[in-house]
Amino acid sequence: MKTGFLGIPTGLRKRLFDIAGFARENNISVYIVGGVVRDLLLKKTIKDLDLVIEGDASGFTRRYLRGSGCKKINLTVHPVFKTATLRFSDGHVVDVASAREEVYPRPGALPVVRLGTLEDDLCRRDFTINALAAAVNRNGSGELIDYFDGKKDLRRKAVRILHDRSFVDDPTRILRAVRFEQRLGFRIEPRTRRLLQAAVRKKAYETVKPPRYFAEFRKIFDESDPVKILRRLRQLKATEPFCLGAKLNLRRLAMVQRYLKTTSGTPGQCLFWMALWENYPAAEREEMAGRFHLTRAEKSVLMKAPEAVQVIRRVSRIGKSKDLFRCLKNYDIPVLYYAQARTASRKVRVRIGHFLQTDRHCKLAVNGHDLRKLGVTSGHWIGKILEELLEKKVSGRLKTRAQEMREARELADRVMR
């Protein structure tokens, strides 16, 4: 059977055939591999390409770059993993890897990589549906290479591992199995599910360094429906690494997910961390942040997650707009986004939203230099006057620079008395 390439966008398809033509001139076989082939067969959108050659990928891409004569291609080489990445000026990305085999020195360890054949390369993949290849530049261009009945599993809508030690060798595949299952609307086939649950019971994830396991967990929140994936993980009893035995609050996570689908410009993943761990004691939140190597900014907002409840309570009670502004300006912006996502009150959500979208961007036309001209020399009083002017502008009482100056003069006179 042949795999058609029409599902690849025109510009990217041209890149593919340019690389394939260069490979053919150098008697090198090139294959599209993995998820790209899967998505072509499923008629899904293709954004980037993953290619495998039987040989030195870094040397091949360097020679291709020199031969192309194009200076607008960025090349990144990863010698340890025997891969190279071509980034084109139009935004297209093509990953080129040497066909390789992997040996796991112990469960959970990073594999030892060495050059191999295409079959070796496909053998090291996680699931049959990702262990597909399509020849690009041979006589049988487009020919599907399927050693493990991946195409059959696509028809069956089944996620199946290649060998029984798969989850032991690399426990991050526990998360990937569920992620692919839910993304594609497939089902983890029975034997694979039993092996997955056995790996969970034996806490296979403990053989992997927590930051590496968490890096895989992060990918869940880039999917269109993270809550559905988390619900399935809970069903499989596979949430322990992230919940410390506590109950997974899917309702709160669902509120964040719905909010993010309707709001742009938010620190999305941070809101999920806050929803996951808001109710944990501060010491445990700090432990989670350290264990999973959260960034400094992520840790900062995680530690302040409980403030969201305080924000909701205070906003529901405040009457005047200037008082609301005075209250909200003291909170970190991610905390306000989280409070807006978390509240069930439309009134609170609208008021926080107005602050985030409008009030916090409000700027004065008057500045400290203008106040000094009015005779205010104390930095303390300059700050106080500017603060009061800003609150009045937010409440709608000051609309022009002339009005700001008139108000500033009255405040300055009061201070100077």
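When each of 212, 179 is tested for being surrounded by fewer than 21 Cβ atoms within 10 Å (Cβ to Cβ) and in a helix (DSSP H, G or I), the lone residue that passes is 212. Within the range 78-96, being at pLDDT below 80 and within 23 Å of the chain's Cα centre (by Cα) holds for one residue alone: 81. Just to be sure before I move on: is residue 100 more than 29 Å from residue 224 (Cα to Cα) and either surrounded by 15 or more Cβ atoms within 10 Å (Cβ to Cβ) or in the same structural domain as residue 29 (by TED's automatic domain parsing) (or both) in the structure I sent? Here the answer is yes, as residue 100 does meet what is asked.
Residue count for the range 17-38 satisfying the condition of being surrounded by 21 or more Cβ atoms within 10 Å (Cβ to Cβ), of a type outside the set (Gly, Ala, Ser) and part of a helix (DSSP H, G or I): 4. Tell me, yes or no, whether the range 380-390 has at least one residue that is out of contact with any Leu (no Cβ under 9 Å at 6 or more places or on another chain), more than 27 Å from residue 351 (Cβ to Cβ) and not assigned by TED's automatic domain parsing to the domain that holds residue 351. Yes - at least one qualifying residue is present in the range 380-390.
Here is a yes/no grid of residues against (1) polar (S, T, N, Q); (2) closer than 20 Å to residue 264 by Cα; (3) part of a helix (DSSP H, G or I):
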{"position": "322", "(1), (2), (3)": "no, no, yes"}
{"position": "326", "(1), (2), (3)": "no, no, yes"}
{"position": "330", "(1), (2), (3)": "yes, no, no"}
{"position": "334", "(1), (2), (3)": "no, yes, yes"}
{"position": "340", "(1), (2), (3)": "yes, yes, yes"}
{"position": "344", "(1), (2), (3)": "no, yes, no"}
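Just a yes or no: is a residue in the range 82-101 closer than 23 Å to residue 199 by Cα and not polar (S, T, N, Q)? No. For residues that are within 28 Å of the chain's Cα centre (by Cα) and charged (D, E, K, R), scanning just the range 97-115, find the one that is nearest to residue 62 (Cα to Cα). By that ranking, first place goes to 100. Condition check: without any contact (Cβ under 8 Å) to a residue 60 or more places away in the chain and under 27 Å from residue 222 (Cβ atoms). Does residue 178 satisfy that? Against the criterion (without any contact (Cβ under 8 Å) to a residue 60 or more places away in the chain and under 27 Å from residue 222 (Cβ atoms)), residue 178 does not qualify.
With respect to residue 317, is the statement that it is surrounded by fewer than 19 Cβ atoms within 10 Å (Cβ to Cβ), without any contact (Cβ under 8 Å) to a residue 40 or more places away in the chain and either basic (Lys, Arg) or in contact with a strand residue (DSSP E or B) (Cβ under 6 Å, 6 or more places away or on another chain) (or both) true? Yes. Inspection of the range 125-140 finds a residue satisfying the criterion of being out of contact with any strand residue (DSSP E or B) (no Cβ under 6 Å at 6 or more places or on another chain), closer than 23 Å to residue 21 by Cα and free of Cβ contacts under 8 Å to residues at least 12 places away in the same chain. Restricting attention to the range 197-206, does a residue exist that is part of a helix (DSSP H, G or I) and in contact with a strand residue (DSSP E or B) (Cβ under 9 Å, 6 or more places away or on another chain)? Checking the range 197-206: not a single residue is part of a helix (DSSP H, G or I) and in contact with a strand residue (DSSP E or B) (Cβ under 9 Å, 6 or more places away or on another chain).
Across the range 39-77, which residue is surrounded by the fewest Cβ atoms within 10 Å (Cβ to Cβ) among those that are assigned to a strand (DSSP E or B) and more than 22 Å from the chain's Cα centre (by Cα)? In this case the residue turns out to be 74.
Just one of the listed residues (94, 80) is part of a strand (DSSP E or B), farther than 17 Å from residue 131 by Cα, among the aliphatic types (A, V, I, L, M) and in contact (Cβ under 8 Å) with a residue 12 or more places away in the chain, namely 94.
Is it the case that residue 346 is in the same structural domain as residue 253 (by TED's automatic domain parsing), in contact with a Cys (Cβ under 7 Å, 6 or more places away or on another chain) and of a type in the set (Lys, Arg)? No.
Note on the range 371-408: residues that are part of a helix (DSSP H, G or I) and either surrounded by 12 or more Cβ atoms within 10 Å (Cβ to Cβ) or not aliphatic (A, V, I, L, M) (or both) total 26.
Screening 207, 128 for residues that are in the same structural domain as residue 36 (by TED's automatic domain parsing), of a type in the set (S, T, N, Q) and at pLDDT 90 or above leaves exactly one candidate, 128. Among the residues examined, residue 180 qualifies as closer than 26 Å to residue 98 by Cα, modelled with pLDDT of 95 or more and not assigned by TED's automatic domain parsing to the domain that holds residue 40. In the set (1) at pLDDT below 85; (2) crowded, with 17+ Cβ neighbours inside 10 Å, residue 352 fails one condition alone, (1). Filtered by the rule that a residue be in contact with a helix residue (DSSP H, G or I) (Cβ under 6 Å, 6 or more places away or on another chain) and under 17 Å from residue 357 (Cβ atoms), the range 313-323 gives a lone residue, 315.
Looking at the range 226-235, can you tell me whether even one residue there is surrounded by fewer than 19 Cβ atoms within 10 Å (Cβ to Cβ), out of contact with any strand residue (DSSP E or B) (no Cβ under 9 Å at 6 or more places or on another chain) and over 26 Å from residue 210 (Cβ atoms)? So far as the range 226-235 goes, no, none of its residues is surrounded by fewer than 19 Cβ atoms within 10 Å (Cβ to Cβ), out of contact with any strand residue (DSSP E or B) (no Cβ under 9 Å at 6 or more places or on another chain) and over 26 Å from residue 210 (Cβ atoms).
The values are calculated or read from the model by the stated rules, or taken from the named source; none is laboratory data. Here the structure is a predicted model, which means the values were calculated and not measured. Counting neighbours? That spans all protein chains shown, and the Cβs are built from the backbone with ideal geometry, glycine included.
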